[in-house]
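The values are calculated or read from the model by the stated rules, or taken from the named source; none is laboratory data. None of the values given here were measured: they were computed from a predicted structure. Note that we place each Cβ from the backbone using ideal geometry, even for glycine, and neighbour counts take in every protein chain shown. Ligands, DNA and RNA are stripped out before the accessible areas are found, and what is left, the full protein with its side chains, is counted by its heavy atoms. Shrake-Rupley method; radii C 1.70, N 1.55, O 1.52, S 1.80 Å.
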Amino acid sequence: MRRDSRLTTITEALQKMGPHASAVRLWGRAPGATGEDGASGNVWAADVHDVARHVYTRLYGRPDTTPTASPLAQADDAKRRRDIAGEVGALVAAGDDLTSAPWYPVRPGDLVHVHYEAGGEVPAFGETYIVDAEDGGLMGMRLLAHTLPDAPDEGEADWFAAKSSDDPIFELWFEAGPHRITIVRDGQVVHDGGHRGRGKAAARVLFEAERHAATMREVQRYLERGEPELALARLRSDKPLPPCGAPGVTPEQPDCPRPRGHRPPCSDDADYVTPPHECPALPEQLYAVLSVGPKRTTVSFEGLYADKDAALDIASGWDQHAEAERRVGHGVPDYVFIDLPAPGGSSLAVVAPMPVKPDPRAEEEWAAEGMATALGPEDYPDDYRDVDE
């Protein structure tokens, strides 16, 4: 992995804290601990390299750990050390990184650029490949350009060209290494290995952006269909809404495939949309029922009714006072006053009419109907003249 000079400086400073030998491990003492406390005065212990990384992270952020060797080079290095676990681990980790990348697999039209550092007498150079579609669902990777100077022929530059492969980038990924590869798809960088480990971050940003766009498309579809509750549920979820799954009415009917959380009813059609609720039309007249106590000091609201007979029944106490005296108020002929017997006197029930303003929805419907049926200039004959002329 890359080694930052600042991390090296911090590590060396910690190693040379001792007067004689280089320090390997550090111990932290509790406040107030003395030499007589011995090991019991220690509250933490860590290797010098771990402490150096901690100090570096607090000062500069996490150090870059991008490998500078390809997966095959790492495996060969582990093999020379007779580290079988390290050899297999390097190859398995590289394979997992490749297959778990959000952009994987490559697609026809992808541009793949690989950068080579200078080595010996060969200067640094790069190669750019394009992924092509081939017969049978296979793909190839063809060299577009290179910057290798004095190349006798194209064969010396297109080292990773591939034909009739289901994974044309596989060899390049393992031999050159993901840190040397840049992949461009639809004009956007989806893997940026050349920016010191930012390839995964860039690919992750692109992946999250695509996922967010897919979410918003689903939300828009739910809103256009008149299902705002499903749109809200989709915004709250990190994945598409699962099917409702309610069992069918009969054994032959499949489980409900509509999105979970839909308005009733269930259906065997995944695209079925519950019709929007329509509020009933407002009545032209409502009747309020009020009760006045025997001492005429308390007034209670008993309810609001669209039917006058129902309001009178409530006011007179149903069957309990069916014969209660009903009288029409003087000066307010639409009001009905009912005297009811009560302890310590009589209480009074009042049925008061309350006119309701026209339903604005009806007015909009009338206006729309009027506009649709109104005559325009094209409906009049050409010789029509205003009577005032």
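Key figures for this structure:
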{"item": "Net charge of Cβ neighbours under 10 Å - reference SER22; Lys, Arg +1; Asp, Glu -1", "result": "0"}
{"item": "Extended-chain gain in nm, criterion 0.36 nm per residue less alpha-carbon gap, HIS49 and GLN220", "result": "56.3 nm"}
{"item": "FRET efficiency estimate (nearest 0.05) - Cβ-Cβ, LEU91 to THR57, R0 35 angstrom", "result": "0.75"}
{"item": "Modelled label reach - ARG211, point 7 Å along Cα→Cβ, region 226-259 residues with backbone N closer than 11 Å", "result": "238-240"}
{"item": "Peptides ranked, highest mean first, by Cβ atoms within 10 Å: ranges 280-287, 173-180, 91-98, 124-131", "result": "173-180, 124-131, 91-98, 280-287"}
{"item": "Cα gyration tensor, region 96-142 - rounded (a/c under 1.5), prolate or oblate", "result": "oblate"}
{"item": "Segment ILE130-LEU235, length gained on full extension (0.36 nm per residue, minus Cα span)", "result": "34.1 nm"}
{"item": "Stretchable slack from GLN253 to ARG81, in nm (0.36 nm times residue separation minus alpha-carbon distance)", "result": "55.5 nm"}
{"item": "Nearest-10 value in Å² for the accessible area of ILE314, using the 1.4 Å probe", "result": "50"}
{"item": "Cβ charges +1 (Lys, Arg) and -1 (Asp, Glu), total dipole of region 48-146, debye", "result": "480"}
